[in-house]
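*Asks:* Attaching a single structure in structure tokens format; questions to follow.
Each reported figure results from applying straightforward, stated rules to the coordinates on display, with no laboratory input. Remember, predicted model here, so these are calculated numbers, not experimental data. Glycine also receives a Cβ, built like all others from the backbone with ideal geometry; neighbour counts cover every protein chain displayed.
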């Protein structure tokens, strides 16, 4: 097997494509599409988003100290892309993409009603890394649309059809291959 060596870059794919909502007043509410996001801690639950300082939402999040990570779906693909390539300084993204801002339970930033999962976050630190600054945040509430729950009350990815980003393209997810720990799980003997 031969390997090619490329210049250093971000090749950790796929990753979630999320819409981050921010702002405390309706006239400043905005949505920014983020792919540089993820979990960084379990107790307390913490995550991060990385944002370029020149983006319109950067100053809003820095000033207000909170934001909401709204998971996206295949159905929200166009809005996800559009909110990532248009600036909130020139467009009302909520109106243009027919998205609904709803008061979050804990933070002042709005949630996107059409999103299946809304993760409310309070900024803990801003780390200046280079092209992007990382906002580390504590998760203070999670809202899940019950439309996407299965018969056991668990969140159903099959129903939600989440959207991921992979090196410049958006994709849906495929079939389930296994669950955590399935590779070492002991097989049960069949009863005779």
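*Asks:* Only one of (1) farther than 17 Å from residue 19 by Cβ; (2) in contact (Cβ under 8 Å) with a residue 60 or more places away in the chain; (3) more than 14 Å from the chain's Cα centre (by Cα) fails for residue 136. Which number is that?
*Replies:* (3)
*Asks:* Among the residues of the stretch 148-164, write down those that are closer than 13 Å to residue 74 by Cβ, surrounded by 13 or more Cβ atoms within 10 Å (Cβ to Cβ) and out of contact with any helix residue (DSSP H, G or I) (no Cβ under 7 Å at 6 or more places or on another chain).
*Replies:* First pass over the stretch 148-164, keeping only residues closer than 13 Å to residue 74 by Cβ: 148, 157-164.
Now drop any that are not surrounded by 13 or more Cβ atoms within 10 Å (Cβ to Cβ), which leaves 148, 157, 159-164.
Residues satisfying the conditions are 157, 162, 164.
*Asks:* Which numbered condition trips up residue 135, out of (1) in contact with a helix residue (DSSP H, G or I) (Cβ under 8 Å, 6 or more places away or on another chain); (2) part of a helix (DSSP H, G or I); (3) surrounded by 10 or more Cβ atoms within 10 Å (Cβ to Cβ)?
*Replies:* (2)
*Asks:* Now for a different question. Using beta carbons and a limit of 6 Å, which pairs, at least six apart or on different chains, have the first residue in the stretch 72-89 and free of Cβ contacts under 8 Å to residues at least 60 places away in the same chain and the second one in a helix (DSSP H, G or I) and surrounded by fewer than 23 Cβ atoms within 10 Å (Cβ to Cβ)?
*Replies:* Here the result reads 87/56; 88/56; 89/56, each pair linking the stretch 72-89 to a residue that is in a helix (DSSP H, G or I) and surrounded by fewer than 23 Cβ atoms within 10 Å (Cβ to Cβ).
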